[in-house]
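Engineer: One structure, pasted below without further comment.
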Amino acid sequence: MDPILTKYVREPNSYTLDFFVKHEGYEGLKKALGMKPNDVIELVKASGLRGRGGAGFPTGLKWQFVLKDTPKPKYICCNADESEPGTFKDHLLMERNPHLLFEGCLIGCWAIGAKVAYIYIRGEFYHVQEILEAELAKAYAQGYAGKNIMGTGFDCDIVIHRGAGAYEAGEETALIESLEGKRAQPRIKPPFPAASGLYNAPTAVNNVETLCNLPSILTNGAEWFTALGPEKNGGPKLFCVSGHVRKPGVFEASMKTTLKELIFDYAGGIRDGHQLKAVIPGGSSVPILLPDQLDIPASFDDVAKAGSMLGSAGIIVMDETTCMVWAARNLLYFYKHESCGKCTPCREGADWLHKILTRIDNGEGEMRDIDLLVSVGNNIVGKTLCAFGDAAATPALTTVKHFRAEFEAHVREGRCTVPADWRAVDAPVGAH
């Protein structure tokens, strides 16, 4: 499949307005503004575009749910708070093709009847924010944003809002809370953002990659988009491959492409002299897949059938040197630190999981600690306001499920028995 989202990212000036306009930039917006808003929604529904942020919910359906009969303003919120470990695709799009995101935001606003789009960008992406703001100013100056866009009478503003550095702000209602100047903590649902979101007004929250797909759908049509992938998983997809591979990076492919192809063809395979041990296919918050489970299409539905989630398509590859006790401990260090603290099972449970894993990893654990890990994890899953609790429990539950023998060896031997060549005195937090 020819690149669509990343077609020009290697060009030195791909981020500029001049370059973008010379390569069909804002043509999708022009076409959308010549259509009725509801027809744009129907086109996106027909394309089958699913959210690229993790859940894979149909974008057109989400827009259709946005309340129409209300005097309140409507909003598009772009979730650019890319904080999921193993995920770095949105960073690439914003850094190398910011106008594609602006165009997607404006198309979304026209479709739902919004006059403002907020781009909530991760706080640590400061250099990306500088690029976005500089290019957005050019878009305003040339009439692609602001008042009377492209002479059509459509007024729409784009506001870039720097996040507060919280992983939890990636959850849509926590993002909205943060935009309103509050702590990034999830809201009780219902009401859902489509009915009562930002400033209690109807809101659609969409991921960066999701919005960047809109211009090509408008210019090429729904059938073209659906033909690029398997049924209900159409369009181009960005995959982030990291870990023990020869060529880590962001790769654009159809979701017909298998996980095995992404690892061994696109990313060059496992580093020399080593064997594949396990893969986390959708960012650190999803269950592990084993080597014999990878010959499946990298689609939302096929990865789900295999027992995991495509999520944000952050594929983390681990070879035989990886201690799975350490891997779980390292991830739990992250999750216990990033819990917003609102829900007791998550706030207390993530900390307890890390303490138990630390005990086992240090050779101080008992056999009953392994079952205790599972018990604590199961008492978090499904018992929090948002999916963070499930995400925090997953590293412990999935590693025990597939690699219980390693946990037992830690307890029995009082040390790790996995041969590893990366350990050092100054190893990362949680390392041996």
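Engineer: Using only helices, what value at 222 nm comes out for the chain when you add -39,500 (n - 2.57) per DSSP H run of length 4 or more and divide by the total residues, to the nearest 500 deg cm²/dmol?
Structural biologist: Numbers: 16 runs with 172 residues, N = 432.
Helix-only estimate at 222 nm: -12000 deg cm²/dmol.
Engineer: Can I ask one more? Among 344-354, 182-192, how do they line up from the highest to the lowest mean number of other beta-carbon atoms within 10 Å?
Structural biologist: On the way: 344-354: 20.8, 182-192: 15.2.
Highest to lowest by the protection proxy: 344-354, 182-192.
Engineer: Okay, next question. Roughly how many percent of the accessible protein surface of region 140-250 is carbon and sulfur, given a 1.4 Å probe and a whole-percent answer? It would help to have the intermediate numbers written out before the result.
Structural biologist: Working: 2170 of 4390 Å².
That fraction is 50 percent.
Engineer: Sorted by mean Cβ packing within 10 Å, highest first, what order do the peptides 169-181, 359-371 take?
Structural biologist: Numbers: 169-181: 22.0, 359-371: 16.3.
Going by the mean number of other Cβ atoms within 10 Å, highest first, we get 169-181, 359-371.
Engineer: In addition: How large a share of the accessible area of region 31-73, in percent, is made up of carbon and sulfur atoms when the probe is 1.4 Å and the other protein chains stay in place?
Structural biologist: On the way: 1350 of 2200 Å².
With neighbouring chains kept in place, the figure for region 31-73 is 61 percent.
Engineer: Also: Roughly how many nanometres apart are two label points built 7 Å out from the Cα toward the Cβ at residue 38 and residue 401?
Structural biologist: For residue 38 paired with residue 401, the spin-label model returns 4.4 nm.
Engineer: Determine the sum of side-chain charges near residue 232: Lys and Arg each +1, Asp and Glu each -1, restricted to other residues whose C-beta is under 11 angstrom from that of residue 232.
Structural biologist: Values: positive: 50; negative: 231, 301, 302.
Neighbourhood net charge equals -2.
Engineer: Note down the net charge around residue 222, summing +1 for each Lys or Arg and -1 for each Asp or Glu among other residues with Cβ under 15 Å from its Cβ. Working shown, then result.
Structural biologist: Numbers: positive: 31, 45, 50, 232; negative: 39, 42, 223, 231.
Net of charged neighbours comes to 0.
Engineer: Also, quick follow-up: Span-like helices, the chain: DSSP H, alpha-carbon axial extent 20 Å or more, mean Kyte-Doolittle -1.0 or greater, which ones? It would help to have the intermediate numbers written out before the result.
Structural biologist: On the way: long enough: 98-112 (22 Å, 1.33); 126-141 (23 Å, -0.01); 324-338 (21 Å, -0.13); 344-361 (25 Å, -0.56); 388-413 (33 Å, -0.23).
Helices passing the filter in the chain: 98-112, 126-141, 324-338, 344-361, 388-413.
Engineer: Also: Accessible area per residue of region 62-159 at 1.4 Å probe, in Å²? Write out the running numbers ahead of the final one.
Structural biologist: Working: 3640 Å² over 98 residues.
Computed with neighbouring chains in place, this is 37 Å² per residue.
Engineer: Please report, in Å, the Rg and the Dmax of the chain, where both are computed over Cα atoms only.
Structural biologist: When restricted to the Cα atoms of the chain, Rg and Dmax are 22.2, 73 Å.
Engineer: A further question follows. If you add up the charges near residue 102, with Lys and Arg at +1 and Asp and Glu at -1, over every other residue whose beta carbon is less than 13 angstrom from its beta carbon, what do you get?
Structural biologist: On the way: positive: 138; negative: 103, 133, 135, 157.
Charge balance in the 13 Å sphere: -3.
Engineer: So, one more: Quick check: with the 1.4 Å probe, what order do 381, 9 take by accessible area, largest first? Could you put the intermediate results ahead of the total?
Structural biologist: Numbers: 381 55, 9 25 Å².
Output order, biggest surface exposure first: 381, 9.
The values are calculated or read from the model by the stated rules, or taken from the named source; none is laboratory data. Quantities reported herein were computed from a predicted structural model and do not represent experimental measurements. Please note: Cβ atoms are built from the backbone with ideal geometry, for glycine as well, and neighbour counts cover all protein chains shown. The protein model used for the area step is the full one, side chains on, heavy atoms only, and it has no ligands, DNA or RNA in it. Shrake-Rupley method; radii C 1.70, N 1.55, O 1.52, S 1.80 Å.
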